[in-house]
Amino acid sequence: MSAISHWTARVTNWVARHIAWFSTSIVASIWLVHGLLNKLLHFSPRHLQIVQSVPGLAGSRGEFLLTAIGLCEVGIAVWVLSGWAAGVCATVQAVLLLTMNVVELSFARPLLLWPAGLIPINLAFLGVAWAAARSRSGSVFTRLRRHPIAVRAHFRHCLTLTYALPREVLHRLLPPGLELDTYNGHAFLAVALVQTESLRPAGLPASLGQDFFLAGYRVFTRFTPDDGRTLRGLRILRSDADRIQMVAGGNLLTHYNYHRCQARVETSGSHIHFAVGTTDGLGSLEVTADLSNGTLPAGSPFQSVREARRFAGPMPFTFDYEPETDAIIAIRATRTNWRPAPVSVHVRRMSFFDQPVFSGCSPVLAAAFYVHGIDYRWERGVRHGLTDAG
């Protein structure tokens, strides 16, 4: 990006942010003034007279309704400032405001300051409200999905299958800002099968955590933020969990694309068996690992176990892409007792590669590693703006 384009983008972003702040502040302030001052605190007695002029609302009934309307308007002010479901908020404002205008023109026209201008003025106000909604749409959920809290967990079992694929295939699955992490011309996708225990916000005791099974499909990537460092990490394409709480929470707080699955993990001697089923079929798999056999698969592009271990699953970072702000969210991970051991596996089924994006290529099993008894921690996500960094 040229220097002129870079500064043009920054100026445009600055202007857009301040227009959004100004329009949101104006809309919220008007609702707050009318709701708190004019209705709840009765700074303008005319508002009570308007309500009581409606048939059936004389006396205390009108006072009660005026209080209810005031509380509703204060609530709308808070809603506008929150940015949550901004489009729905603007729709509610339009319905409420125009309904009140029709009632006022029908029953309280003599009490209005400018009856002829009531509708046009409020339509102009709703135009500002919709502009504020468009600028704020999804802002709360956007921030929530940045992995906003640090999380800890314990991995009882973790089997990672690393597949080698053509660079051009996996490159199509990457968002802006990320590059493939390659070895000898190959790009890699990992399938991690994890029996997870005691997942909880950092700082809470393990007894309050959630136990669940997780299957994750990740691409090995690199990201270079504006400080010039190169960070190795994973771009998660899909996650499957056997607890509905994890699916709901994961999709609320991350971009990890969670789906509900049915999972079975069985151990017998030196063997461990994983069977996963999903409704859409794309997460269905069946894998058996022999923990006593530590050789690389036939046809692996890696020349040694040491080389393969660089692609043995969890990396120092996990990367999300935030399209609303054109940014990468980097989530740093730390772990203890991380000593992945090579194992042999028999893959009876791996439906993830049945998707059209993989048609015409044959993923090659490059390595399989197993670890157990791992304490893991994910830090809060850090946003790296791509446009701001140029």
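The values are calculated or read from the model by the stated rules, or taken from the named source; none is laboratory data. Remember, predicted model here, so these are calculated numbers, not experimental data. Ideal geometry is used to build each Cβ from the backbone, glycine not excepted, and the neighbour counts take in all protein chains shown. Surface areas here come from the heavy atoms of the whole protein model, side chains and all, with no ligands, DNA or RNA. Shrake-Rupley method; radii C 1.70, N 1.55, O 1.52, S 1.80 Å.
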Folded to 0 to 90 degrees: helix 115-136 orientation relative to the chain principal axis, Cα: 10 degrees
For region 131-209, what does the alpha-carbon gyration tensor say about shape, rounded, prolate or oblate, given a ≥ b ≥ c as the root eigenvalues, a/c under 1.5 as rounded, and a/b over b/c as prolate? oblate
Compute the long axis of helix 3-32 from its Cα atoms, compare it with the longest principal axis of the Cα atoms of the chain, and write down the angle in degrees, 0 to 90, nearest 10. 50 degrees
Length gained, residue 292-residue 333, 0.36 nm per residue minus C-alpha separation, equals 11.9 nm
Please compute, over every Cα-Cα pair in the chain, the percentage with a separation greater than 31 angstrom. 52 percent
Quantify, in whole percent, the carbon and sulfur part of the accessible surface of region 122-248 (1.4 Å probe; protein heavy atoms only). 53 percent
Round to a whole number: what % of the accessible area of region 279-390 belongs to carbon and sulfur, probe 1.4 Å? 48 percent
³J(HN,Hα) across region 322-336 via Karplus (A = 6.51, B = -1.76, C = 1.60, θ = phi - 60°), whole Hz, x for Gly/Pro? 10, x, 4, 10, 6, 9, 9, 9, 9, 10, 7, 10, 10, 8, 10
Per residue value of the accessible surface for the chain (all protein chains in place, 1.4 Å probe), Å²: 49 Å²
What's the angle, to the nearest 10 degrees (0 to 90), between helix 60-82's Cα axis and the longest principal axis of the chain? 40 degrees
Give me the Kirkwood hydrodynamic radius of region 74-200 in Å, from all C-alpha pairs, to one decimal place? 20.2 Å
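Might you report the magnitude of the Cβ-based charge dipole of the chain about its Cα centre, with Lys and Arg at +1 and Asp and Glu at -1, to the nearest 20 debye?
Values: 36 positive and 25 negative charges, 92 e Å.
Once rounded to the nearest 20, the dipole reads 440 debye.
Among 287-298, 29-40, how do they line up from the highest to the lowest mean number of other beta-carbon atoms within 10 Å?
Values: 287-298: 15.8, 29-40: 18.1.
Packing proxy ranking, top to bottom: 29-40, 287-298.
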Surrounding charge for residue 231, neighbours by C-beta under 15 angstrom, Lys/Arg +1, Asp/Glu -1, total +2
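May I ask you to derive the FRET efficiency for residue 266 and residue 229 from their Cβ-Cβ distance with R0 = 51 Å, giving the value to the nearest 0.05?
Numbers: r = 42 Å, r/R0 = 0.83.
E between residue 266 and residue 229, to the nearest 0.05, is 0.75.
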Go through 209, 258, 108 and say which Cα lies farthest out towards the positive end of the charge dipole of the chain; charges sit on Cβ, +1 for Lys and Arg, -1 for Asp and Glu. 209
